[in-house]
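Below you'll find the structure, written out as structure tokens, and then a few comments.
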Amino acid sequence: MPWAYRWVIWLCFLAVSISVVTYFAARQFSKPVERLAAAVHQFALNPQAPPIAETGPRELQEVVKTFNAMQAQIQKFVAYRTMMLAAISHDLRSPLTRMRLRGEFIEDRGQQARLFRDVDEMQNMVDEALAFFRDDATAEETTSFDLPHVLLTIANDYADQGIDIVYAGPAHAVYRGRPFALKRAFTNLIDNAAKYGKAPEIELSCEEADLVVAIRDRGPGIPQDALDNVFRPYYRVDKSRNRSTGGVGLGLTVAQAIVQGHGGEIILKNRPEGGLEARIVLPVAAHPSFASS
């Protein structure tokens, strides 16, 4: 074989060898980077996620170490904030109880009734705040569950109260998250649709890598300038609504906190034909498999 052919074969063999070695070396280096990206994504979905193992090259270990320190600081800050606010809400119960006891000595029945109404309103606000902080502090385990089953359970609960809620979507769709927390978020949104709207309905669909739960009603909707404010704590669109039927204004705040804790978002918009639509977008790690009914 001529030397020219030998050199061509030798260079091709050398190029293939270098390519194979480079590929496996790059894969070996990219694995820790992929684990870091997956851990960052998991931290976005679950703030209580465990720290990342410090493996890989020395530079990457420094990045992981810095991220773990930042994650620990965020978890410590959230835990301290939750504990402090829960303690403040709990301590408010004592002066409210004293106000009610002292109100028993008021001879003017009209003034007494107004005082008791204010005390009850403040008591409801404290109870709602305590429930919110208690749930925030409870570390519910992330697990895989059937999302349509949760939605149908809520619809059946309202059917027992004489409120028909139509469900449209697959019979089964597996989602990984915190089922009891999400059930509370869906219940808060559906409860608003049942109280202030008409003919509430639920639709579950999949858009690219997201599961979308749409809760619609045919009520009066929400003024356009109030759509961004309804998620603020204790904000109420209609200030004249009765507290006993309208809540204290934490329902949407709780729902948004739960959905954002899963890396999702809630989008509110008024429907052209009348009513309100709440879209809950929940990201999924993999494209979910649907089963038709």
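The values are calculated or read from the model by the stated rules, or taken from the named source; none is laboratory data. Source: prediction; values computed, not measured. Here the Cβ is made from the backbone with ideal geometry for all residues, glycine too, and neighbour counts use every protein chain on show. Please note that ligands, DNA and RNA were not included when accessible areas were found on the heavy atoms of the full protein model with its side chains. Shrake-Rupley method; radii C 1.70, N 1.55, O 1.52, S 1.80 Å.
Details
- For the range 98-112, backbone phi angles converted through the Karplus equation (6.51, -1.76, 1.60; θ = phi - 60°) give residue-by-residue couplings of 5, 4, 5, 5, 5, x, 5, 8, 6, 7, 6, 5, x, 5, 5 Hz, Gly and Pro being listed as x.
- Partners for Lys76 among aspartates and glutamates (Cα-Cα distance below 14 Å; same-chain residues under 8 apart left out): Asp136
- Of all lysines in the structure, the ones whose alpha carbon falls short of 22 Å from that of Lys195, not counting any fewer than 8 places away in one chain, are Lys183, Lys239, Lys269.
- Here is how the number arises for the chain: DSSP H runs of 4 or more residues each give -39500 (n - 2.57), the sum is divided by the residue count, and the result at 222 nm is -19500 deg cm²/dmol.
- When trypsin sites (Lys or Arg not before Pro) are flagged only if DSSP places them in a loop and at most 14 other Cβ atoms lie within 10 Å, the longest unflagged stretch of the chain comes out as 1-197.
- Over the range 9-57, accessible surface divided per residue gives 73 Å², non-protein components excluded, 1.4 Å probe.
- Residue-normalised accessible area of the range 190-232, given per residue in Å² at a 1.4 Å probe: 50 Å²
- Accessible-area value, Val166, 1.4 Å probe, nucleic acids and ligands omitted, Å²: 90 Å²
- Partner aspartates and glutamates whose Cα lies under 12 Å from the Cα of Lys65, excluding those fewer than 8 positions away in the same chain, are identified as Glu54.
- Label-point separation in nm, Glu104 to Arg35, each point 7 Å along Cα→Cβ: 6.4 nm
- Protein accessible area in the chain, 1.4 Å probe - carbon and sulfur %: 59 percent
- Fluctuation leader among Gly56, Gly261, Gly219 - the chain, Gaussian network, Cα springs under 10 angstrom: Gly56
- In this simple spin-label model, placing a label point 7 Å from the Cα along the Cα-to-Cβ direction at both Phe116 and Asp164 gives a separation of 4.1 nm.
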